[in-house]
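Before any comments, here is the structure.
Just so you know, all these numbers are worked out from the coordinates, no wet-lab data involved. Just so it is clear, the model here is predicted, and its values are computed rather than measured. Cβ coordinates were reconstructed from backbone atoms using ideal geometry, including for glycine residues, and neighbour counts include every protein chain displayed.
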Amino acid sequence: MSDVAEAVCYNEEVICLTVRLRPDESIESLLRRFTKSVNSGGVLKTYRRKRWFISKGEQRRMDQKRGIRRARQQQRRAQRIVGRQRQGARR
């Protein structure tokens, strides 16, 4: 049985993904499953996030901006829902 494995090490964090070759499975489908597991496992997201050092203060500012943006989006969605309800009441 053949294995395709990926272990990525960041500082003290190790991410290990393993995909086993199934009977009568082609290499293409094995790689497809491996790619899906990498994407769903968040390996690339973690890698991209840890490429550069981000200070705690900068991370806090980024998180605050992200929170403000999320709140605005939720507010817009709520206004859209209220607008639809009003249109439905007029009919």
Segment Arg22-Thr35, extension gain: residue separation times 0.36 nm, minus the distance between their alpha carbons: 3.1 nm
Inter-probe distance in nm under a simple model that places probes 7 Å from Cα toward Cβ, at Arg70 and Glu58: 2.2 nm
Ranked list, fewest to most other Cβ atoms within 10 Å of each Cβ, for Asp24, Asp63: Asp24, Asp63
Shape metrics for the stretch 24-91, restricted to C-alpha atoms - Rg then Dmax, Å: 21.4, 62
Extension gain, Tyr47 back to Gln85 (0.36 nm per residue minus Cα-Cα distance, nm): 9.3 nm
